[in-house]
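Each value in this text was obtained by applying a stated rule to the coordinates, not by laboratory testing. Worth saying up front: this structure is predicted, and the values here are computed from it rather than measured. Cβ placement follows ideal geometry from the backbone for every residue including glycine, while neighbour counts extend to all protein chains displayed.
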Amino acid sequence: MEGYHCFGCDPNSPQGLRMEFYEEGDQIVSCWHPRSEFQGWVNTLHGGIQATLADEISSWVVFRKFQTSGVTSRMEIRYHKPIHTTDERIVLRASVQRQRRNIVDIAVQIFDMQGELCTEALCIYFLYPKQKAHDEFHFCECSVEEEA
């Protein structure tokens, strides 16, 4: 879409995260390659980047599972252990934890290359009505690609 420059998921953003997502049952999953420009300390992924990763995958849970868009109203994050920017990949997993009308709690886990839980987040999202998401934010749908 013209004007689309999402820091989290635009595949053509030279400075962005360029995240990709897939669906695995109730979860949305992203395998992501940390890059050295996102470090907060030597070879350590910046905590703010981890929060951005958690926020972005949460938005994709909203897109896919609710077929609408929304906004983050609150986020709680807990850092258990450092994530190294030297890792080939890390894995993020996110799923709906609870829904109350148009408020959704999304649980996110970030695992390092060894599969150890490094970071947990709870993202609270406010869901837009589908018509508002379409009319004001140009959200169409979040369908999956056909399997070959």
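Here the chain is treated with +1 on each Lys and Arg Cβ and -1 on each Asp and Glu Cβ, and its dipole about the Cα centre works out to around 640 debye. Relative to the longest principal axis of the Cα atoms of the chain, the long axis of helix 47-61 lies at roughly 30 degrees. With both labels modelled 7 Å from their Cα along Cα-to-Cβ, the Glu88 to Val42 distance reads 2.5 nm. Computed over the range 22-137, relative contact order equals 30 percent, with contacts defined as Cα pairs under 8 Å that lie 6+ residues apart. Placing +1 on each Lys and Arg Cβ and -1 on each Asp and Glu Cβ, with no other charges, gives the range 1-61 a dipole about its Cα centre of roughly 300 debye. Extension gain, Arg78 to Asp105, is 8.2 nm, computed as 0.36 nm per intervening residue step minus the present C-alpha separation.
The HN-Hα couplings worked out from phi for the range 95-103 by the Karplus form 6.51 cos²θ - 1.76 cosθ + 1.60 (θ = phi - 60°) are 8, 5, 9, 6, 10, 10, 6, 9, 10 Hz, whole numbers, x standing for Gly and Pro.
Rounded to the nearest 500 deg cm²/dmol, what is the calculated helix-only ellipticity per residue at 222 nm for the chain, with -39500 (n - 2.57) per DSSP H run of length n ≥ 4? One gets -5000 deg cm²/dmol as the mean residue ellipticity at 222 nm. With each label modelled as a point 7 angstrom along the Cα→C-beta vector, the Phe126-Cys6 pair spans 2.0 nm.
For the chain, the alpha carbon positions stretch 46, 34, 32 Å along the principal axes, listed from largest to smallest. Could you give the distance between the Cα centres of the range 38-73 and the range 85-111, to the whole Å? Rounded to whole Å, the Cα centres lie 8 Å apart.
Between the residues Phe66, Gly47, Leu122, the greatest Cα displacement towards the positive end of the dipole of the chain, with unit charges on the Cβ of Lys, Arg, Asp and Glu, is found for Leu122.
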